Amino acid sequence: MPSAEDLAERAAAGPSGVPVGDFLLDTAVTPDAQLPGRFLADLSEAWRVFYAFGGCTMAVALRAAQAAVARPDLTPQVASALFVAPVHCGPLVVDTEVLRNGRSAAQVTAKLRSAGSPDGQSDVHLTAVFGAPHESRINFIDAVWPADALDLADAVVPPERDEDSNPFSRINYHAQTDFRMAMNGFNFHDPATWEPGPARALTWHRLRNEPLLPDGTYDPISLCAPADILGPAIFAKLGPMSPENPPFLVLSLEITVHFVAPATSGWIMQHTRVPFAANGYADAVVELWDEHHTLVALATQRGHVRPVTFDRSTPDGTA
């Protein structure tokens with residue numbers, strides 16, 4: 001868990017008044033000296049959407065799972081998170097159980113909850129597999145870089161959000177990331193030219209404080225953040241917000257991330273497709289690519305899609 005000095009430093013607000021986030025620091029865990037298998041964390045308000053961003057709480061749970069396995073020879077292979085209840089930013093508790101710790105693989109569960117919640121409660125329930133690479137004659141990637149994807153240099157920089165008219169303008173998480181539209185011929189920041197089309201989006205995502213490990217490599221657990229990306233593909237299908245097309249909120253119910261290869265850049269391309277949306281639910285299939293056109297992760301997500309109105313006087317901003 002971060003030290004008091006770390007907490008004070010990261011609480012310093014940036015120009016927007018939002019705390020400055022550091023994904024590695026803010027999702028770090030430390031063992032509870034009183035109870036084996038329990039880990040403590042303190043997730044900064046920097047990562048709040050209306051509650052804590054789902055990709056961030058998933059990352060905290062996965063870090064605790066990794067710490068419980070305690071095997072530097074094993075890397076994350078797949079992790080699946082069930083979001084049982086909203087999680088507020090602040091002190092968190094994660095209880096882990098290593099189901100198997102074998103020669104080349106380990107399976108573990110992690111139950112994350114707010115620090116004030118009762119023992120045994122699980123607000124995020126995660127299962128994960130860690131494994132070691134080994135030789136195999138089967139070695140291929142059948143996914144291809146999207147033909148209509150714009151490289152980063154050509155991607156569309158979004159305009160500044162109008163705080164008075166855009167209900168998503170004061171979200172802390174957005175201040176921690178950079179975001180670019182990357183589908184050739186499509187720009188949903190320009191409502192005048194935005195025609196509803198397939199439920200598909202191409203976007204570049206970057207954590208502003210790049211999550212580099214001590215050896216200089218990109219932290220794979222940080223891919224949980226760009227993996228949580230269902231909304232833009234729905235917007236692409238429906239068209240710009242209007243009285244006939246009011247804003248909506250996606251609450252993650254489940255996210256699964258398959259880790260494919262190490263990322264070699266801070267910018268991650270999110271290729272998102274939503275093949276299904278009905279009855280208040282939607283599914284996303286996401287490919288994550290780095291700047292060098294390397295597929296680094298595959299993800300799936302099911303979300304609860306609900307209409308939303310905004311009330312600045314409420315703690316989470318929703319009415």
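Working note: 222 nm ellipticity from helices only, DSSP H runs with n ≥ 4, each -39,500 (n - 2.57), summed and divided by the residues of the chain, gives -3500 deg cm²/dmol to the nearest 500. Remark: Cys89, Cys56 ranked as Cys89, Cys56, counting other beta-carbon atoms within 10 Å and listing the fewest first. Summarising the overall dimensions of the range 37-142 from its C-alpha atoms, the Rg and Dmax are 15.0, 50 angstrom.
Just add up the charged neighbours of Val94: K/R +1, D/E -1, any other residue whose Cβ is under 15 Å from the Cβ of Val94.
Values: positive: Arg38, Arg63, Lys111, Arg113; negative: Asp26, Asp32, Asp42, Asp95, Glu97, Asp119, Asp123.
Once positives and negatives cancel, what remains is -3.
For the residues Gln176, Gln270, Gln121, a GNM of the chain with alpha-carbon springs under 10 Å puts the largest fluctuation on Gln121. Find how many whole Å separate the alpha carbon centroid of the range 194-221 from the alpha carbon centroid of the range 63-96. When both Cα centres are located, 20 Å separates them.
Of the DSSP H helices in the chain, those that are both long (alpha-carbon extent of 20 Å or more along the helix axis) and hydrophobic (Kyte-Doolittle mean at least 1.0) are 54-69.
Less than 5 angstrom separates the built amide H of Met183 from those of Leu150, Leu202, all sequence-distant by 5 or more or on a different chain. The overall shape of the range 78-122, judged from the alpha-carbon gyration tensor, is prolate: a/c is not under 1.5, and a/b is greater than b/c. Rounded to the nearest whole Hz, the Karplus-based 3J(HN,Hα) values (6.51 cos²θ - 1.76 cosθ + 1.60, θ = phi - 60°) of the range 105-111 follow the sequence 7, 9, 10, 8, 10, 9, 10, with x at glycine and proline. Remark on Thr177: its backbone amide H falls under 5 Å from those of Arg208, a criterion applied only to residues 5 or more positions apart or on other chains, H modelled at 1.01 Å from N.
The amide H of Gln77, built 1.01 Å from its N in the peptide plane, has Val129, Phe130, Gly131 as neighbours under 5 Å, considering only residues 5 or more places off or on other chains.
Determine, for Ser104, Ser114, the number of other Cβ atoms within 10 Å of each Cβ, and report the residues in order from fewest to most. Don't skip to the end; give the middle numbers.
Details: Ser104 12, Ser114 19.
By the 10 Å Cβ count, ascending, the order reads Ser104, Ser114.
Springs join every pair of Cα atoms under 10 Å in this Gaussian network model of the chain, and among Thr203, Thr217, Thr75 the largest mean-square fluctuation is at Thr217. In plain terms, the residue of Lys111, Lys237 with the fewest other Cβ atoms within 10 Å comes first and the most crowded comes last, giving Lys237, Lys111.
Values in this text are rule-based calculations from the coordinates and carry no lab data. Because the structure is predicted, anything quoted here is derived from the model rather than measured. Here Cβ is always computed from backbone atoms with ideal geometry, including for glycine, and neighbour counts include all displayed protein chains.
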